[in-house]
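Asker: Take this structure first; my questions come after.
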Amino acid sequence: MSLNLTKASDMDLPKGDARCPGPSYQDILDADGYQVPDAMRSEQYEFLGDEDIGFERYVSEDFAQAEIDQMWNRTWQWACREEHIPAKGDRYVYDVGPYSILVVRGDDMHIRAFVNSCPHRGMQFASEGSTGVRRPTIRCPFHGMTFNLDGSLNEIPCRWDFPHLSEENFRLTEIQCDIWGGFVFINMDTDAGPLADYLEVVPDHFKLWPMDDRYVALHTEKVLPANWKMAMEAFLEAFHVLETHSQAVQTAADANAQYDIFGKNVSRFIHAIGKPSPHLNQPVSEKQIFAKLGRDPEMLPEGAEARAHHAQLLREEYGEQFDVDLSGTSTAEMVDSIEYFVFPNAFFFPGISIRLCYRFRPIDADHCLHEILLLQPVPKGKPRPAPAKPIRLEVEDSYTTVPGFDLADILDQDTDNLMMQRNGAKASLKGGKGAQSLGNYQEARIRRMHLTLDEYLDG
């Protein structure tokens, strides 16, 4: 039976209570017949308002500067992975806007973060994205001022000329640094609360999905022609799947996706794969679904469900590839798009098929850098592989140029929209409504992000 998804919802419902007709994501889990982690059974949503959001937030240089001045220097952000700096003296540079952070592994194996600026003449110790291996000190490439790995003073060339400097008043500026899931987080705000509190439900939910036993198998950096928020918001909802990824509607239960708001910093969607979109007005056979999942439809056993059989094959394939036992892993964990967002710019996918992490960083009001890390399980009984080096892509470059990137076509579709969306927002400001109108449920994560951003901008 087809569903009419263009019909207005019951106007007597409280705002935000309307849901797509047909099975919910929880109904899909019930039908799977697999026990899933309690985290996937949790549902947490709140109506956050339905006011329009002005496009000036995406195109204004003044607004972008306010974000730099009041938000980016006060939030927890992942800077690198622990595996980027595995040994004493290793370092990694993380930049966001004008801020530059030097992350260092010390002699005591403790990870610290410092402002990437020599207190002598301001010279950076290393450039954005660069790494250093097993250096005993932090040495300025301009005059040779040298600091220990804990930020304390080691050496001043021509020491006789600096009687006014001492170990107490001449050291590197240290900032907050903490670790979760193998990710090294930094926060430039000395008054910021602990990372564990900032992450809200994430540490508890990810107990069954440890991220620290994975390694970076692929790393891309792509310049996108849009404000970081505009680029990021496409990944906060599945509402766009019907139009942007129309080839996927036979295997993507887009409107059935579940959206959760866990707090001001963390939200989630869970998007079922291997189930047809409720938008389809004609039935889809299991063989058709199986083929769309990349399988030979003739290999689907008689009476078998495509989603379930695909998940079983993945258990066997990934189990052999990574030498792990996936026999007890639920169908949902094997195939679904499970995505957690941590304000301001980080996305974590704990699933088996989609093993990605994203982050977005501003370049200017009209451009941002989108990074994708593919995290693979560390092979059992083998050393952790070295993290993949970033592959840089410019605006005009396609993700399909990246070898072995299965999601390249989908990502191209996502990012190809951005220039026209950016230009359309500017056109709207010049003569249209000048604002966007969000859905109450499917786009609630976008609204939550803006509300949290406003808390920082309002002081």
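Asker: Treating only the Cβ of Lys, Arg, Asp and Glu as charged (+1, +1, -1, -1), what charge dipole size does the range 308-459 show about its Cα centre? Round to the nearest 20 debye. Show your work: numbers first, answer last.
Answerer: On the way: 16 positive and 23 negative charges, 89 e Å.
The calculation lands at about 420 debye.
Asker: How far, in nm, would the chain grow between L165 and D107 when pulled straight, counting 0.36 nm per residue and subtracting the alpha carbon separation?
Answerer: Full extension from L165 to D107 adds 18.4 nm.
Asker: V223 to Q35: extension gain in nm, 0.36 nm per residue of separation minus the Cα-Cα distance? Intermediate values should be presented prior to the final figure.
Answerer: Values: separation 188, 0.36 × 188 = 67.68 nm, distance 4.06 nm.
Answer, rounded to one decimal: 63.6 nm.
Asker: Can you say what percent of the DSSP beta bridges in the chain, counting only those with both residues inside, are antiparallel? Round to 5.
Answerer: Details: 65 of 68 bridges.
In the chain, approximately 95 percent of DSSP beta bridges are antiparallel ones.
Asker: Still on this structure: No partner Cβ under 4.7 angstrom, meaning no disulfide-compatible partner by this rule: which Cys of the chain qualify?
Answerer: By the Cβ distance rule, which asks for a partner under 4.7 Å, the isolated cysteines are C20, C80, C158, C177, C357, C368.
Asker: Report which label in (i) 86, 60, 39; (ii) 92, 47, 44; (iii) 68, 54, 41 holds the value of Cα extents along the principal axes in Å derived from the coordinates of this structure.
Answerer: (i)
Asker: Figure the gain on full extension for T400 and I363 (residue separation times 0.36 nm, minus the Cα-Cα span) and round it to one decimal in nm. The partial results should precede the final answer.
Answerer: On the way: separation 37, 0.36 × 37 = 13.32 nm, distance 2.34 nm.
Extending this stretch completely gives an extra 11.0 nm.
Asker: Just want the answer: with Cβ charges of +1 for Lys and Arg and -1 for Asp and Glu, which residue in I101, Q77, G122 is farthest toward the dipole's positive end in the range 77-197?
Answerer: Of the candidates, G122 comes out farthest on the positive side.
Asker: May I ask which residue of S267, Y58, F162 lies farthest towards the positive end of the charge dipole of the chain, with charges of +1 (Lys, Arg) and -1 (Asp, Glu) on Cβ and the Cα centre as origin?
Answerer: Result: F162, furthest along the dipole toward the positive end.
Asker: Treat every Asp and Glu Cβ in the range 77-197 as -1 and every Lys and Arg Cβ as +1, leave all other atoms uncharged, and give the resulting dipole magnitude about the Cα centre to the nearest 20 debye. Don't skip to the answer; put the middle values down first.
Answerer: Working: 11 positive and 17 negative charges, 107 e Å.
Roughly 520 debye for the range 77-197.
Asker: If you don't mind, there's one more thing I want to ask. Within the chain, what's the longest run with no trypsin sites (Lys or Arg not before Pro) in a DSSP loop and at most 13 other beta-carbon atoms within 10 Å? Give the range, please.
Answerer: Working: sites that count: K7, K15, R121, R134, K380, K433.
Answer - 135-379.
Asker: Which value in nm describes the separation of the simple spin-label points at L451 and S152, placed 7 Å from the Cα toward the beta carbon?
Answerer: Distance between the two pseudo-spin positions: 4.8 nm.
Asker: While we're looking at this one, here's another question. Testing the spin-label approximation: label points 7 Å from Cα along Cα→Cβ at D17 and V133. State their distance in nm.
Answerer: If labels sit at D17 and V133, their model points lie 6.2 nm apart.
Asker: Something else about it: For a label point 7 angstrom out from the Cα of H143 toward its Cβ, which stretches of the range 98-125 have the backbone nitrogen within less than 14 Å?
Answerer: Backbone N within reach: 118-124.
Asker: Under the rule of -39500 (n - 2.57) per DSSP H run of 4 or more residues, summed and divided by the residues of the chain, what mean residue ellipticity at 222 nm is obtained, to the nearest 500 deg cm²/dmol? Don't skip to the answer; put the middle values down first.
Answerer: Values: 14 runs with 110 residues, N = 459.
Computed mean residue ellipticity for the chain: -6500 deg cm²/dmol.
Asker: Still on this structure, I have one more. Taking the Cα centroid of the range 309-346 and of the range 392-434, what is the distance between the two, rounded to the nearest whole Å?
Answerer: 28 Å
Asker: Right, next: Please identify every one of the chymotrypsin sites (Phe, Trp or Tyr not before Pro) in the range 133-227 that sits in a loop by DSSP and has no more than 14 other beta carbons within 10 Å of its own beta carbon. Write out the running numbers ahead of the final one.
Answerer: Working: sites: F142, F147, W160, F170, W180, F183, F185, Y198, F206, Y215; in loops: F142, F170.
Sparse-neighbourhood loop chymotrypsin sites (Phe, Trp or Tyr not before Pro): F142.
Asker: Also, I was wondering about something else. Please work out whether the range 58-162 counts as rounded, prolate or oblate from its C-alpha gyration tensor, where a ≥ b ≥ c are the square roots of the eigenvalues and a/c under 1.5 means rounded, while otherwise a/b larger than b/c means prolate and anything else oblate? Intermediate results must be reported in sequence, preceding the final value.
Answerer: Values: a/c = 2.62, a/b = 1.45, b/c = 1.81.
Oblate, since a/c reaches 1.5 and b/c is not below a/b.
Asker: Further question: State, to one decimal in nm, how far the label point of Q65 lies from the label point of S24, with both points 7 Å from Cα in the Cβ direction.
Answerer: Each label point is offset 7 Å from its Cα along the Cβ direction, giving 4.7 nm.
Here, each number is a calculation from the coordinates, and none is a lab measurement. Bear in mind the structure is a predicted one, so any value in this text is a computation, not a measurement. Positions of Cβ are backbone-derived with ideal geometry, glycine not excepted, and every protein chain shown enters the neighbour counts.
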